[in-house]
Amino acid sequence: MLENLNPEQQKAVCTTDGPLLVLSGAGTGKTRVLTTRIAYILNQNLCQPWQILALTFTNKAANEMKNRLADLSNGQWYAGDIWCGTFHSMCLRILRANAERAGLRRDFLIFGEDDQKNVIKTLLNTTTKTPSDYVEEFSATKDKGLIALQNKDKLFNAYNAELSRLNAVDFGDIILKVLELLDKNPDILSRYQNQFKYILVDEFQDTNNAQMELLELLTRGNTHPNICCVGDDDQSIYSWRGAEIKHILNFDKNFCGTQIIRLETNYRSTANILGAANSLIRHNRGRLGKDLRATDIAHSGEPVYILTLPSDWDEARIISDAILRDGTSDFSKFALLIRAGSLSRIFEEEFAARGIPYRLIGATKFYDRMEIRDVIAYLRLLVHPFDDMSFLRVIAKPRRGFGDKAIEKLRASGPNLMSGLRNAPLAPKLRAAADEFLSAFDFDWNSMSPRDAAQTLLDRVGYTKIWSESKEPDAPERLSHIRELITSVISKYDTLSEFLEQAALMTTDDNDSADTQQNTNTVSIMTIHAAKGLEFNTVFLPAWEEGIFPNDKAINEGAIEEERRLAYVAITRAQKRCIISNAMSRLIFGSRQYNSPSRFITEMDNKFLDFQGGTIQRVYQPYQAQQYSQNEKTTKTISINSGSTIGKLVSHDELGCGVVIEDNGAILTIAFKTRGIKKVAREFIHF
């Protein structure tokens, strides 16, 4: 078990006594360490499987961990007995088991963002905020933990009261209500404290305050708890989701006697890529410190290429050239990682024009598709007839003639809308539509497989017929998505209730359709945030410019360190080749901008870089062009010719810094950062 681990990994696995923080850099094998550590604990008979709590942030990560544990068990213990899952799934398990003590019915619903918006719409009168704004605000409040219960905001309290009336909780409530349950019920807290002898947490740098409070509650009173948290302070990039980097930075203060083990052997990237990433992240002050090192020290690999280009169109063209020049039919080894989704347009256009197949990851998530939400709403109404939010979503799909007045009549005729539909005095035409709708749910679905029950319901209510007969161009695709949900997803579950629970727990990182998870022969285009945890042979990192990356908000709010961590994550996605580019002229939301190269480029050690078109200087220093000498190292040139003046960084005494975009001999056309595009005599330009 331990023979395949390096010394630092072995130490992390075998250190089983007391609090442990494992600083695991990118590509250092943290999942192997976590799963091997659990197997080691069980093989050493230090506890029983159900006495281990292993927490992750995505269902994808949890499933990977469960599969690895099953492989490691060798029949000595049952991996299914381990409490392994996301924070939310494990808290939901506790909440279901103690629902009455938490003030809930055991069959409570979990409301997603759409349901939350609909609840808020019913409570709003006039406001400058949208329901989406309130969903974000309320979620952020609940992520802060028990302090959320002290909130006196009128709408916030009305919203929670309405959730209670509807027998529902939202995503933030799942952890918050467990915190309240454990805080107010010492006997329940003591039960779980005694049960969980070992607690392990993956991606610890992403914990929010509520999650941290849960860990503190479960270890309260234990001066030497067996809690092991694995994370990377240099990859903490989710503050906008409520993640607090202070939790990993202050771990040894929160848990006395902490041992810290650093995993620094990287199994993914070349030495030059890691050297560039290390030299960049060292500029952050808020970190515990570590340096990644490559396994192949004899070959440093290609340098990180830095391309400075005249315009965003040139950038898209050069990247397309590099992909096509590779001479391979394996497009899946290329990835284009962007700071913001709006930057993808020009690359999509260029790739399409050049015949380069690509996929835009994160555009429309599988569980965010209208037809998938509709199907889930129908199934929720089948299993939970009291679910008013699902009723309102599907009653008009297909149209049945129920407008606002009819809905109000239903509300007045029963404790929920389905009940009201049975009892309300309706006009003959509406009564016929109501009876037809109700009869569609009247079949013995409990005796059927979840797959058959789902298909039967959709056929009976006429939802399948909607898309089968639709003339909309995307109707066939929507039908294929529905088939995928039923045949590939729902069929894996033993009950519809189990499926609905898991569907409600889907996180952003899990929420991809099956086809986006396959190794299709396409170039991947995605944001850097979406790329975390992934790796590609060749990574293109465009638009590294001040105001874009780091973005203006980070610059103005003093949040540069998280932006730098994001840059570090981007670079360490590359296995063999990393190409960073910046353009002196870029069209942003309809207006032409002239931005300086990103400070992150100048912060990296030049010995790991290959500048194409001249070395970039720090934006906060007087401009002094330095010509990069190709004699300093032999590299593979993949972009513009460094002997040409086009693309060169230059300066002018009055106009400032710029890049040459056209050379007509005595007259140069230059895109200046602050003065736009100008034609200037060569004699007045400093190269």
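The values are calculated or read from the model by the stated rules, or taken from the named source; none is laboratory data. Just so it is clear, the model here is predicted, and its values are computed rather than measured. Here the Cβ is made from the backbone with ideal geometry for all residues, glycine too, and neighbour counts use every protein chain on show. Keep in mind that these areas ignore ligands, DNA and RNA; they rest on the heavy atoms of the full protein, side chains included. Shrake-Rupley method; radii C 1.70, N 1.55, O 1.52, S 1.80 Å.
Give the whole-number value, in cubic angstrom per residue, of the convex hull volume spanned by the C-alpha atoms of region 1-61. Show your work: numbers first, answer last.
Details: hull volume 6.6 nm³, N = 61.
Roughly 108 Å³ of hull volume per residue.
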* To do: Specify the inter-centroid distance of region 28-98 and region 541-571, based on alpha-carbon positions, in whole Å.
  => 35
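Just for the chain, what percent of DSSP beta bridges are antiparallel, to the closest 5?
On the way: 23 of 73 bridges.
Restricted to the chain, the bridges split so that about 30 percent are antiparallel.
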* Dipole of the chain, positive direction: furthest Cα of ALA39, ASN446, ILE248, with charges on the beta-carbon -> ASN446
* Structure fact -> Rounded to the nearest Å, the spacing of the alpha-carbon centers of region 378-412 and region 217-280 is 47
* Once you put a point 7 Å from the Cα of GLU469 and another 7 Å from the Cα of SER132, both along the Cβ direction, what distance in nm separates them? -> 3.4
* To do: Could you calculate the contour length gain from GLU484 to LYS246, that is, 0.36 nm times the residue separation minus the distance between their Cα atoms, to one decimal place in nm?
  => 81.5 nm
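For THR645, what charge total do you get from the other residues with a beta carbon under 13 Å from its beta carbon, if Lys and Arg give +1 and Asp and Glu give -1? If you can, show how the numbers build up before the last one.
Details: positive: LYS648, ARG682; negative: GLU662, ASP663.
Cβ neighbours under 13 Å give a net charge of 0.
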* Structure fact -> Given unit charges at Cβ for Lys, Arg (+) and Asp, Glu (-), the dipole magnitude of region 367-478 about its Cα centre in debye, nearest 20, is 380
* Using the Cβ atoms and a cut-off under 13 Å, what net charge is assigned to the surroundings of ALA574, where Lys and Arg are +1 and Asp and Glu are -1? -> +3
* Cα centroid separation - region 163-208 against region 311-359, whole Å -> 45
* Asked: Mean 1/r over all different Cα pairs, inverted: what Kirkwood radius does region 58-163 give, in Å?
  -> 16.7
* May I ask for the Kirkwood hydrodynamic radius of region 404-546, worked out over all distinct Cα pairs and given in angstroms to one decimal? => 19.4
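How much accessible area per residue does the chain have, in Å², with a 1.4 Å probe?
Values: 30080 Å² over 687 residues.
For the chain, the solvent-accessible area averages 44 Å² per residue.
Where does the charge balance sit around LEU307 when Lys and Arg score +1, Asp and Glu -1, over other residues with C-beta under 10 Å from its C-beta?
Numbers: positive: none; negative: ASP314, GLU315, ASP610.
Charge balance near LEU307 sits at -3.
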* Among TYR192, ALA161, LEU505 the positive-end extreme of the charge dipole of the chain (Cβ point charges) -> ALA161
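Report in % the part of the accessible area of region 162-223 that belongs to carbon and sulfur, leaving out ligands and nucleic acids; probe 1.4 Å.
Details: 890 of 2120 Å².
Carbon plus sulfur share of accessible area: 42 percent.
How large is the dipole of region 133-290 about the Cα centre if only Lys and Arg carry +1 and Asp and Glu carry -1, each at its Cβ, rounded to the nearest 20 debye?
Working: 19 positive and 22 negative charges, 90 e Å.
Roughly 440 debye for region 133-290.
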* Asked: Helix 345-354 sits at what angle to the longest principal axis of the chain, using alpha carbons and giving 0 to 90 degrees rounded to 10?
  -> 70
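Report the far tail of the P(r) of the chain, meaning the percent of Cα-Cα pairs longer than 39 Å.
Numbers: 101933 of 235641 pairs.
It works out to 43 percent of all Cα pairs.
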* Evaluate the Debye formula for region 320-464 with equal point scatterers sitting on the alpha carbons, no solvent, and hand back log10 of I(q)/I(0) at q = 0.09, 0.12, 0.15, 0.18 Å⁻¹, in q order, two decimals. => -0.49, -0.65, -0.78, -0.98
* Mean separation of Cα pairs under 8 Å and 6+ residues apart, divided by the residue count of the chain: what relative contact order is that in percent? -> 16
* To do: Specify the angular offset, from 0 to 90 degrees and rounded to the nearest 10, of the alpha carbon long axis of helix 131-142 from the longest principal axis of the alpha carbons in the chain.
  => 90
* Structure fact -> Rounded to the nearest 10 Å², the 1.4 Å probe accessible area of CYS256 is 90
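Ignoring the sites themselves, what is the longest stretch of the chain with no trypsin sites (Lys or Arg not before Pro) in a DSSP loop and at most 15 other beta-carbon atoms within 10 Å?
Values: sites that count: ARG105, ARG106, LYS129, LYS152, ARG220, ARG285, ARG399, LYS471, ARG618, LYS633, LYS636, ARG675.
Result for the longest clean stretch: 472-617.
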* Roughly how many percent of the accessible protein surface of region 1-146 is carbon and sulfur, given a 1.4 Å probe and a whole-percent answer? -> 44
* To do: Putting +1 on Lys and Arg Cβ atoms and -1 on Asp and Glu Cβ atoms, find which of GLN51, SER591, SER269 reaches farthest to the positive end of the dipole of the chain.
  => SER591
* Does anyone have the angle between helix 154-165 and the longest principal axis of the chain? Alpha-carbon axes, 0 to 90°, nearest 10? -> 50
* To do: Obtain the nm distance between the two label points defined at ARG165 and LYS121 by a simple spin-label model: each point lies 7 Å from its Cα along the Cα-to-C-beta direction.
  => 1.7
* **Under DSSP loop assignment and at most 11 Cβ neighbours within 10 Å, longest GluC sites (Glu not before Pro)-free interval of the chain** => 4-653
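Explain nothing, just the number: relative contact order of region 1-93, from Cα pairs under 8 Å at least 6 residues apart, as a whole percent.
26
Over all distinct Cα pairs, what is the inverse of the mean 1/r for region 225-365, reported as the Kirkwood hydrodynamic radius in Å? Walk me through the intermediate numbers first.
On the way: mean 1/r = 0.0529 Å⁻¹.
Kirkwood radius, region 225-365: 18.9 Å.
When the accessible area of region 329-486 is split by element with a 1.4 Å probe, what percent falls to carbon and sulfur?
On the way: 3790 of 7570 Å².
Of all accessible area on region 329-486, carbon and sulfur atoms account for 50 percent.
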* To do: Pull out the extension gain between LEU146 and ARG399, defined as 0.36 nm times the separation in residues minus the alpha carbon to alpha carbon distance; nm, one decimal.
  => 86.7 nm
* Place a +1 charge on the Cβ of each Lys and Arg in region 167-229 and a -1 charge on the Cβ of each Asp and Glu, then give the dipole magnitude about the Cα centre in debye, rounded to the nearest 20. => 360
* Asked: Leaving out ligands, DNA and RNA but keeping every protein chain, what accessible area does PHE608 have, in Å² rounded to the nearest 10, with a 1.4 Å probe?
  -> 40
* Asked: Across the Cα atoms of region 114-187, what radius of gyration and what greatest pairwise Cα-Cα distance (Dmax) are found, in Å?
  -> 12.7, 45
* **Mean projection area, nm², convex hull over Cα of region 422-489** => 5.9
* To do: Let me have the relative contact order for region 260-308, percent, based on Cα pairs under 8 Å that are six or more residues apart.
  => 53
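Quote to one decimal, in nm, the extra length available between GLU662 and ASN556 on full extension: 0.36 nm per residue of separation minus the C-alpha distance between them. If you can, show how the numbers build up before the last one.
On the way: separation 106, 0.36 × 106 = 38.16 nm, distance 3.39 nm.
Answer, rounded to one decimal: 34.8 nm.
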